[in-house]
1. In cubic angstrom, how much convex hull volume per residue do the alpha carbon atoms of the range 39-169 span?
2. With the crude spin-label approximation of a point 7 Å out along Cα→Cβ, what separation in nm comes out for ARG151 versus ASP18?
3. Given R₀ = 25 Å, what would the calculated FRET efficiency be for ALA97 paired with VAL163, taking r from the Cβ atoms and rounding to 0.05?
4. How would you classify the range 113-229 from its alpha-carbon gyration tensor, with a ≥ b ≥ c the square roots of the eigenvalues: rounded for a/c under 1.5, else prolate if a/b is greater than b/c, otherwise oblate?
5. Testing the spin-label approximation: label points 7 Å from Cα along Cα→Cβ at ASP115 and LEU28. State their distance in nm.
6. Around LEU70, what is the net charge, scoring Lys/Arg as +1 and Asp/Glu as -1 over all other residues with Cβ under 10 Å from its Cβ?
7. I'd like the distance between the alpha-carbon centres of the range 174-221 and the range 49-77, rounded to an integer number of Å.
8. With label points built 7 Å along Cα→Cβ from the Cα atoms of MET197 and SER48, find their separation and express it in nm.
Amino acid sequence: MDVALRRDRDAPRTDDYDQQIHEVLAHLGQRPADGAFARLNPAAGIPSRPEVWILGSSGTSARTAGELGLGYAFAGFINPDGAARALLRHGAFAHAATGSDGRRAILAVSAVVADTDAEAQRLAWSRTALLARVARTGSSALVPTVEEAARELGDAEKEAPTVITDGRWPRQTAGSPATVRDQIEQMAKATGVDEVMVQDMIADPQARAHSRALLAQALGVAPNRAAAA
């Protein structure tokens, strides 16, 4: 989406973030249409239009979403230390802008669940190694297997905290179902959200499916079969 919204993909990036948001809102009929999208009507004949949310990882994006009355999803897997402050800030600005106590906010976290804390920590090595690969190459990379990650990571990286430690949130939560449920509940309480989105980067498909099943069971979440049908 970031690239798609750029007018000239070959030109250097410019700091026109707010302008692009207003243009998207105008494009969807949620603001007066002017400028680049003034002549377009993408939703003609469509009974409903998509709900606009902002995904961010800073206080600036939280404030923007709040002031515009937009839903806000905070990428806690990028900036875990800023999650509580940003989401509470979004709530305050949203209340000031709309006068309503209702808020639309999501905390997005990275989580790995296994039968034991030790196994979950081991599975979490894949994401840690992936981020290390990207940092080295400056580009995208494949998610490494646990065995590949074990060869690429040092002891400190393998033993990095995967639970809240001394008040600091991990970039990736990992543990048994009870451990991860406790972490997510603490994070939701600290941020005031009632919805959490989970990202996972588990290389093995079976382990990934098992992680999701364990987490769903721990949180009492059932598939929305009506929506799926």
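No lab work stands behind these numbers, since they all come straight from the coordinates. For clarity, every value in this text was computed on a predicted model and none was experimentally measured. With ideal geometry, Cβ positions are generated from the backbone for all residues, glycine too; neighbour counts draw on all protein chains shown.
1. Details: hull volume 26.4 nm³, N = 131.
In the range 39-169, the Cα hull volume divided by residue count equals 202 Å³.
2. 5.1
3. On the way: r = 35 Å, r/R0 = 1.41.
The value I calculate is 0.10.
4. Details: a/c = 1.77, a/b = 1.39, b/c = 1.27.
Since a/c reaches 1.5 and a/b is larger than b/c, the shape of the range 113-229 is classed as prolate.
5. It is 4.4 nm.
6. Working: positive: ARG104; negative: GLU51, GLU67.
Result for the local shell: -1.
7. If we compute the Cα centre of each part, the gap is 22 Å.
8. So the two model labels end up 1.8 nm from each other.
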